[in-house]
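The structure under discussion appears below in the form of structure tokens.
The values are calculated or read from the model by the stated rules, or taken from the named source; none is laboratory data. Just so we're clear, the structure is a prediction, and the values are computed from it rather than from any experiment. Cβ atoms come from the backbone with ideal geometry, glycine included; neighbour counts cover every protein chain shown. Areas reflect the complete protein model, heavy atoms only, side chains present, ligands, DNA and RNA absent. Shrake-Rupley method; radii C 1.70, N 1.55, O 1.52, S 1.80 Å.
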Amino acid sequence: RDAVVSWLESALSKAQCDLHDPGHVTMRRLNRAEYDNTIRDLTGFDLHLGDAFPNDDVGYGFDNIGDVLSLSPLLLEKYLSAAEKAAAAAVVTPEMMRHPILVPAAKMETSGQVTNYAREGGRRLDDTGADALLNYDFASGGEYILHVAAYGQQVGPDPARMIFKLDGKDVQTVDVAARREKPEVYPFTIRVTPGRHRVAFAFANGFSIPADDAKKQKRQDRRLIVNSLEISRPKGVSDPLPATNRRLVIVTPKTPAENDVCARKALGAFARRAYRRPVTAEEVNRLVRYTHLATAAGDSWERGIQLGVQAILVSPNFLFRVETDPNPSDAKHAHPVNDYEMASRLSYFLWSSMPDETLFALAAKGALHDPDVLSAQVKRMLRDPKAQALADNFAGQWLQLRNLANISPDPARFPDFNDKLRRAMRTETEMFFEAIVNEDRSVLDFLNARFTFLNEPLAKHYGITDVSGDSFRRVAVDGDRRGGILTQASVLTVTSNPTRTSPVKRGKWVLDNIFNTPPPPPPPNIPPLADDKRGPLEGTLRQRMEAHRKNPICASCHARMDPIGFGLENYDATGAWRTADGKYPVDSSGVLYGQKFTTPAQLKTILLSKKTQFVRCLTEKLLTFGLGRGIEPGDKCNVDAMVDRIAKNKYRFSALVTTVVESVPFRTRRGEKGTS
């Protein structure tokens, strides 16, 4: 039987390889993260407009898969509204300058623990010292009046308190007695010299009332919510257009005769960056007509530019990553993507955003299909701060870190778990991922690194005593209890139930995310494992699960999952180390791939012995994320060659990314049978 299976697999694999099929990538719209990042890099404003969009659908474990990124009528309405807001931020018109400047707090920078209030356009300042700030260019000196619309979540004897600051210095402190039902506007006066100044307001008196289980009362927190900041100019003073305008309005007409020439330059340059390719003269001419509409209605030329920007930001050329095929319905002949398409593939893969000017310049030269150029660009882009998007979007989904926000361990069983610890768990794993990327470490360190990143709350949770303060730092760990993602609290918590651990979830998580061999879904009508809602349970979790899987249909899959999960039973449902589960000692022993183990460290050793399978899994996950489609049978030969190349380069993370970028599926595409 093994011989027949091997022969079939070999024959089918050879037939697939002979096709040299790069697969078909469906035209993708930008997901929420990509939209926000692209608006940031286009306009210079980090507006987080995507917070108001519906959640993106997920396919193959990621939310950037072309086949599931549909465009609903609701989302189209959101795009129209977002384009208007982005254009207003990017292009300030004389009409706007004649009125006070109103800045929603959601558009301001923040520090400390701050939560977005997307519907209100505000910010909730959660901790003492948290603040929201605005760097504003005051073209004229003088006395300005600032109005802040705010209210408080009032807890304790005192109202929420707000400190106004100018250039880092306290100016005035006010009590914010208003509540959500009736926010109030709080004025304060500043005197400034011409130039850029930092205006800020901070929360001064955080306060909490702990939860009281006996009285069935939840924890209560005093917080400050700021909705907007309005800046009124001195009487008789009209500021010129701010410096941020020059990012987009690169030229301005001195006479009406220059209107069209300047509009073509400004809108043409913006459209080239927004569409991520050269634009045609006809495309630019259509945009210039918006300036004609504005001036004909008595508005300013700048208002026409603003309307043109709105049109660009709702164009399919901006909202979708368009890649063209010479013969869209020909599924047999592959062709290289052009250089501008390659620039977008690179930037949205590593940055979840648009290409920068370096990539645009290389695309214009036709240099992005040179392997040496590609390799150099990968290393440059991984060093760029925008590569943080890999941790946010790839690692956040590969390791399911995003699910942490929805996990609520039973407070009676795990009283030490709170939002602060939850955030620390995710931060540890993200910083760990970033260290492997930034230091170009071996990807095998994901399984058994000798370091991690901790702050005092998380270190205490782990039983590590020599870490103090809320700041994270690199910490050496031993190989018995901690080391690698499998022993980090983030992963252990998202793979547990609210009241207990789940060997099945943990085993399935490893099979899916470490080996990419997920078990099939469970058969219908299988009763759940008994819990303690109806009285005390007898026996250990292992004993109850062994009884649960007596059904031979269940046992076939549980035999693969359960040993891995039981090997991690020394970690409770929040990732803390334990030696007993209630009154029963923890049994972490098992047999996996024919090898016995008794501790989590021994389990990791067995998993590391299957390093080729792990590297294949990581390669397939990263290729899926980079391409925006699932792995197909025709990808097998490409993946085989990629895994071999990564091994020859000592499993370095840069080798993994470079191998994906230089692969046939990443550099080429084909049409799809039946399309038109």
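Observations, loosely collected:
- Subset of the stretch 138-166 (residues that are surrounded by fewer than 15 Cβ atoms within 10 Å (Cβ to Cβ) and outside any loop (DSSP other than H, G, I, E, B)): GLU143, ILE145
- Scanning the stretch 469-480 for residues that are open to solvent by 80 Å² or more (accessible area, probe 1.4 Å) and under 12 Å from ASN448 (Cβ atoms) yields ASP478, ASP480.
- Taking the conditions (1) open to solvent by 10 Å² or more (accessible area, probe 1.4 Å); (2) touching a Leu at 6+ places or on another chain (Cβ under 9 Å) in turn, ILE407 satisfies each one other than (2).
- Output for the stretch 566-585, where each listed residue is open to solvent by 30 Å² or more (accessible area, probe 1.4 Å) and either at negative phi or in contact with a Phe, Trp or Tyr (Cβ under 9 Å, 6 or more places away or on another chain) (or both): TRP577, ARG578, THR579, ALA580, ASP581, LYS583, TYR584, PRO585
- Qualifying residue in the stretch 634-645 (condition: part of a loop (DSSP other than H, G, I, E, B), of a type outside the set (Gly, Ala, Ser) and surrounded by 14 or more Cβ atoms within 10 Å (Cβ to Cβ)): no
- When the stretch 75-95 is filtered for residues that are farther than 16 Å from TYR35 by Cα and of a type outside the set (Val, Ile, Thr), the ones remaining, listed by number, are ALA88, PRO94, GLU95.
- Residue match in the stretch 367-384 (condition: open to solvent by 50 Å² or more (accessible area, probe 1.4 Å), over 24 Å from VAL284 (Cα atoms) and within 19 Å of the chain's Cα centre (by Cα)): yes
- Number of residues in the stretch 195-210 that are open to solvent by 60 Å² or more (accessible area, probe 1.4 Å), part of a loop (DSSP other than H, G, I, E, B) and in contact with a strand residue (DSSP E or B) (Cβ under 6 Å, 6 or more places away or on another chain) equals 0.
- Qualifying residues in the stretch 534-582 (those that are of a type in the set (S, T, N, Q) and not in a helix (DSSP H, G or I)) - the one modelled with the lowest pLDDT: ASN551
- Total residues in the stretch 398-420, condition in a helix (DSSP H, G or I) and in contact (Cβ under 8 Å) with a residue 60 or more places away in the chain: 4
- Matching residues in the stretch 101-127 - criterion: being at pLDDT 85 or above, in a strand (DSSP E or B) and of a type in the set (A, V, I, L, M, F, W, C): LEU125
- Criterion (modelled with pLDDT of 90 or more and in contact with a Phe, Trp or Tyr (Cβ under 6 Å, 6 or more places away or on another chain)) met by exactly one of VAL176, VAL148: VAL148
- Scanning the stretch 224-259 for residues that are among the charged types (D, E, K, R) and either open to solvent by less than 50 Å² (accessible area, probe 1.4 Å) or modelled with pLDDT under 90 (or both) gives GLU230, ARG233, LYS235, ASP239, ARG246, ARG247.
- In the stretch 446-461, the residues that are without any contact (Cβ under 8 Å) to a residue 24 or more places away in the chain and open to solvent by less than 20 Å² (accessible area, probe 1.4 Å): ALA459
- Of everything in the stretch 646-676 that is within 19 Å of LEU19 (Cβ to Cβ) and among the hydrophobic types (A, V, I, L, M, F, W, C), the residue that is most open to solvent (accessible area, probe 1.4 Å) is VAL664.
- Subset tally (residues that are of a type in the set (Ser, Thr, Tyr), surrounded by 21 or more Cβ atoms within 10 Å (Cβ to Cβ) and in contact (Cβ under 8 Å) with a residue 60 or more places away in the chain) for the stretch 586-633: 1
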